[in-house]
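Notes to accompany the following structure.
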Amino acid sequence: MKVLVCIKQVPDMESKFKVNAQNNWFDENDLAYRINEYDEYAIEQAVQLKEQLSDVDVTVLCVGPARVKEAIKKALAMGCDRAVHIEDTESYIKDSSQVASLIADFAKDKSYDIIFTGMQSQDRGSAQVGVIVSELLNIACVSTIADFEYNEGITVKRELEGGLKSIIKVDTPVVLTCQLGLNTPRYPTLPNIMKAKKKELITIDSLELSSSDSLNETLNFYYPQKSGGSLILEGDVPELADKLIAILKEKTSVL
Amino acid sequence: MKILLVGEYRENKLLDVTYDLIGFADKLEADKVMLAVGYEEDIPKFDGKLYLADAKALGEYNPSAHKQLVLDVVEKENPDLIVFIHSSFGWDLAPRVATSLKATQFTEVIDYKDNSFIVPSCNSKLRRELKSKTAKTVITIQAGAFTPLTEALGTPEIENISSDASSNVNFVAYEEAEEKGLDLTKAEIIVTAGRGVGKKDNIPIIQALADKLGGELGASRPVADNAWVDQSHQVGTTGQTVSPKLYIACGVSGAIQHLAGMKKSEFIVAVNTDKDAPINEVADILVVADVLQFVPALTSKLS
Ligand SMILES: Cc1cc2nc3c(=O)[nH]c(=O)nc-3n(C[C@H](O)[C@H](O)[C@H](O)COP(=O)(O)OP(=O)(O)OC[C@H]3O[C@@H](n4cnc5c(N)ncnc54)[C@H](O)[C@@H]3O)c2cc1C
């Protein structure tokens, strides 16, 4: 069985973001990057499937500039077999349909049985790429899976609102987008980090793949104005505690 | 401008969020039509046209059939905008429709100004303002961002439609949430542990504050997913919706799905090392501090 896992590298969300000079994205310098959280679940699910069945080959794919190789290496160390880096220094400004068409163009003649992606990225949050890839490849897709089982066919649980799930059966080929809590992503062990260094990593220039024009334009990127009149308390911890207690006594009926 | 709204049903019922679609169209003062795969016995109240497909025959969510229905109605009505709620239904269907129409899609729109759409970015810390370059635009709107200002009234004119598109995914059944072990909805004080608490071993620090205040322990999703705290403590869209007198969020960033579950709390205190954390949008007080230092200090001062 051939499995493709699509991942994205994103900054740590606790970073202090600066808006770039074009006002259309954050300044990519001086940020600590990691694998998009949702995609770690996708990697883990692919690797678990490989452990369950003997004949699974897992390719991890990432679109982005040179720095994304770090994310790819971690995915290999987590157990993916081979990697593809679609090198694209402009990916940050590409819209979801453009990113999806690069992936679909790469995947179209490779007969992947399962394509795992995260349900969304933490930075863009568009929740579109996986679903668009399935549409472009004209294969099935189940989004937001919170449970996956392979037993002849595939049974997944799709997360709805308020704790409700829908149980869905689907055949391959299929795109599955992964939700938080699907599994527990593993940490790469030192021997696996060493082994990963020998695994195949091919780089393709995104210009070699077909991509459409951008369907939209980012006019502005900004920090929202503080809406609430929230009071910010800063300083020495014991004093902060005293201040907070005084406020709670004054403003709430619970103390 | 003409807008096609795509309504939502689940387990035989019209979902309330469907009215947010009407709130959105009204805000734009646009002509609206609605499409829903639902039940004739429970239709949304509004004055206008409702294309209704029968959920008994089609299933409440069958991606291929639903996509075909939307495309059929788009062909008939030629709307400029096709609007879904940003929900498990909308985020699955919207990109399918957008791809077929070669239209752009904006996800989780929270505002609309002069023909451009505002969406959250970086876990709600920042905002992007986007403009469509395609003839039609597909959007999903954040639930709660366009709540209608007036009570829903009116009776739509119904046109029945159907689709015979077969699906390549098979819905088997719904699975209800497990019986909730803990009812947080009645708690007067909730102290919530977020991922910023660091590890399971630190949970007792948060629990001690909850105990001292006579309140309950809450959890954000990663805390529950990692089993630092039992799932039944989770607050948010996929957890419980709470409205205590006091909510103390410790190391919680304030992602929209968490806010959805707690923003109705009467008084909200957030403890976070990051001054820009989006929890600040709903908090009454943001204490900029390390939870591991601040929370024990607060607990001991309360003695
Ligand atoms: C469909 C869907 C449904 C979801 N449902 C829910 C839900 O029901 N409930 C829910 O909570 N989430 C839900 N989520 C997840 C949600 O998007 C966020 O991922 C989650 O709420 C983040 O949890 P957090 O704030 O604890 O962690 P993070 O976002 O990682 O935030 C941690 C915060 O702690 C701060 N911090 C770090 N260290 C310290 C320290 N030492 N002291 C003080 N502060 C510190 C950081 O600055 C940061 O702000 C859902 C997501 C999706 C896609």
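The values are calculated or read from the model by the stated rules, or taken from the named source; none is laboratory data. Keep in mind it's a predicted model, so treat the numbers as computed, not measured. Heads up, the Cβs are rebuilt from the backbone with ideal geometry, glycines too, and the neighbour counts pull from every protein chain shown. Side chains included, ligands, DNA and RNA excluded: accessible areas come from the protein's heavy atoms. Shrake-Rupley method; radii C 1.70, N 1.55, O 1.52, S 1.80 Å.
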request  = Give the residues of the stretch A:192-234 whose amide nitrogen is closer than 19 Å to a point set 7 Å from the Cα of residue A:70 in the direction of its Cβ.
outcome  = A:193-194, A:196-197
task = Return a whole-number percent for the relative contact order of the stretch A:14-173, with Cα pairs under 8 Å and 6 or more residues apart as the contact set.
result = 17
ask   = Over the stretch A:1-73, what is the mean sequence separation of C-alpha contacts under 8 Å (at least six apart), divided by residue count, expressed as relative contact order in percent?
value = 46
ask   = Among A:172, A:193, B:232, whose Cα lies farthest out toward the positive end of the dipole of the protein assembly as shown, if unit charges sit on the beta carbon of Lys, Arg (+1) and Asp, Glu (-1)?
value = A:193
message = Full-extension gain between residue B:1 and residue B:158, please, as 0.36 nm times their residue separation minus the C-alpha to C-alpha distance.
response = 54.4 nm
key: the stretch B:1-126: radius of gyration over Cα atoms, expressed as a fraction of 2.2 N^0.38 Å   = 1.02
request  = Just the number, please: percent antiparallel of the DSSP beta bridges in the stretch A:1-112, rounded to the nearest 5.
outcome  = 25
task = Could you tell me, in Å, what Rg and Dmax come out for the Cα atoms of the stretch B:239-303?
result = 11.7, 34
query = Which percent of Cα-Cα pairs in the stretch A:1-74 sits in each 5 Å bin, short to long?
reply = 3, 15, 22, 19, 16, 11, 6, 5, 3, 1, 0
ask   = What does the convex hull of the Cα atoms come to per residue for the stretch A:165-230, in Å³?
value = 359
note = Taking Lys and Arg as +1 and Asp and Glu as -1, residues besides residue A:172 with C-beta under 10 Å from its C-beta add up to -1
query = What per residue convex hull volume, in Å³, comes out for chain A when only alpha-carbon positions are used?
reply = 188
ask   = With the Cα gyration tensor of the stretch A:87-222 giving a ≥ b ≥ c as the square roots of its eigenvalues, does the rule (a/c under 1.5 for rounded; else a/b larger than b/c for prolate; else oblate) give rounded, prolate or oblate?
value = rounded
inquiry  = If N is the number of residues in chain B, what value comes out of its Cα radius of gyration divided by 2.2 N^0.38 Å?
reply    = 1.13
task = Could you give the C-alpha radius of gyration of the protein assembly as shown expressed as a fraction of 2.2 N^0.38 Å, taking N as the number of residues it contains?
result = 0.97
Fully extended contour minus Cα-Cα distance, from residue A:223 to residue A:237, at 0.36 nm per residue = 2.3 nm
request  = With only Lys, Arg, Asp and Glu charged, each at its Cβ (+1 for the first two, -1 for the last two), find how big the charge dipole of chain B is about the Cα centre; round to the nearest 20 debye.
outcome  = 1120
key: Degrees, to the nearest 10: B:63-77 long Cα axis against longest axis of chain B   = 60
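Tell me, what is a quarter of the convex hull surface for the C-alpha atoms of the stretch B:152-303, in nm² with one decimal?
If I average the Cα hull's projected area over directions, I get 13.6 nm².
Before I look further, what does chain B give for accessible area per residue, probe 1.4 Å, in whole square angstrom?
40
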request  = First select every other residue whose beta carbon is under 11 angstrom from the beta carbon of residue B:276; then total the charges, Lys and Arg +1, Asp and Glu -1.
outcome  = +1
